[in-house]
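The values are calculated or read from the model by the stated rules, or taken from the named source; none is laboratory data. These numbers come from a predicted model, not from an experiment. For neighbour counting, all protein chains shown are included, and Cβ atoms are generated from backbone atoms with ideal geometry for every residue, glycine included. The protein model used for the area step is the full one, side chains on, heavy atoms only, and it has no ligands, DNA or RNA in it. Shrake-Rupley method; radii C 1.70, N 1.55, O 1.52, S 1.80 Å.
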Amino acid sequence: MYKLPKAGTYELAPSILSADFADLAGEVGQVVKAGARIVHVDVMDGHFVPNITIGPVVVKWLRRCTEAALDVHLMISEPARYAEAFIRAGADHITFHIETVDQPAEFIKYLHGLGVSAGLTLNPDTPVEAIESAAALCDMILVMTVHPGFGAQEFIDKAAKKCVRVRRIVGPDVRVEADGGINADTIAIARDYGADTFVAGNAIFGQTDRAEAIKALKKAIEQNRP
Ligand code: DX5
Ligand code: ZN
C-alpha cells in the first residue's frame, strides 16, 4: 500500500541535493528513466544541521513531475511541526532523526496514520541502541554514513558498519538505507553490511551522464554479491 518498494530488492535513491535545482523536473526525469524508483529529498533547517535546503513547496512541485517514491529525509530539529506539510505536499516516505524526537514510536504511528511509510535515522555518532525500541515499527531505517548537512562527503566505514546490527534487529522485511558517500567503490561495502537501499547524490547528479552513473552503481551492487 505504500509507494516505497517492498523490501527484497536493491534500490538506488538518487539525492536531489546535488541536482540542478533550476531543472528539478528534468533531473528527476533522467534518473527515473534510468531505473530509479525512489527519489531522496534532503530537508535541512539550518538548525539541526548547518545548511538550509528544501521545504514542502519543492516537494509539491516534485510530486507533479514524478510517480517515483518521494523519500523525504528530515534533518530538522522539529519534525513533528513540519511532517504533515511534507506529506500534504506529496511525500511518500518520511525519515526523521532519533536525535530530534523523544517518543519515536508514537511519531511513527502518527506518520502511518497520515498514510505514509516512515522510518528512523541516526547520526554517525549515535549508537544503534537509540533506535532499537522503535525499529520494528519502521518501514525503512536510514543509517547515516556521513555527518548530515552536506553532499559529496567521504563515506565513514565505522558508521556504515552499524547496518549489520540494524539488519539483525529488523530482519529481512524492513529496508536499510545507507546515506552519504555512496559511490561505485563504497556501495558494495554498504550492501555487505546489510543495506538494500542506497542514497547517492554526488555519484549520480555530480556526474555529467546520470544514466551512466546509475548503470555503474547498479553494476557495483551486483559485483561479488553474496
Ligand atoms: C547528507 C544527506 C545525504 C547526501 C548524500 O546530509 O543526507 O542524502 O545528500 O549525498 P552524497 O551521495 O553526495 O554523499
Ligand atoms: Zn539524506
Residue satisfying all of: in the range 19-54; outside any loop (DSSP other than H, G, I, E, B) and within 11 Å of ligand 2 (Cβ to nearest atom); farthest from Glu78 (Cα to Cα) among these: His40
Here is a list: Phe86, Phe96. Which entry is in contact with a Pro (Cβ under 6 Å, 6 or more places away or on another chain) and more than 20 Å from Ile169 (Cα to Cα)? Phe86
Scanning the range 193-220 residue by residue, the ones that are open to solvent by 30 Å² or more (accessible area, probe 1.4 Å) and within 16 Å of ligand 2 (Cβ to nearest atom) total 2
Exactly one of these conditions fails for Pro127: (1) within 17 Å of Asp42 (Cα to Cα); (2) open to solvent by 10 Å² or more (accessible area, probe 1.4 Å). Give me its number. (1)
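Suppose we keep only residues that are within 16 Å of ligand 1 (Cβ to nearest atom) and of a type outside the set (Ser, Thr, Tyr) within the range 111-124. Which one would you say is surrounded by the most Cβ atoms within 10 Å (Cβ to Cβ)?
Gly119
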Residue that is part of a helix (DSSP H, G or I), surrounded by fewer than 23 Cβ atoms within 10 Å (Cβ to Cβ) and of a type outside the set (Lys, Arg), where the choices are Ala105, Ala83: Ala105
Residue check: is Val146 within 14 Å of the chain's Cα centre (by Cα), within 17 Å of Leu74 (Cα to Cα) and surrounded by 24 or more Cβ atoms within 10 Å (Cβ to Cβ)? no
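Regarding Glu78, is this residue closer than 19 Å to Pro104 by Cα, of a type outside the set (Ser, Thr, Tyr) and out of contact with any Asp or Glu (no Cβ under 6 Å at 6 or more places or on another chain)? Step through it out loud before you land on a result.
Details: closer than 19 Å to Pro104 by Cα: yes; of a type outside the set (Ser, Thr, Tyr): yes; out of contact with any Asp or Glu (no Cβ under 6 Å at 6 or more places or on another chain): yes.
The answer is yes for Glu78.
So which helices (runs of 4 or more DSSP H) are wholly in the range 113-175 and hold at least 3 residues that are at negative phi and not hydrophobic (A, V, I, L, M, F, W, C)? Can you show your working first?
Numbers: elements: 129-135, 157-160, 162-170.
Output list reads 129-135, 162-170.
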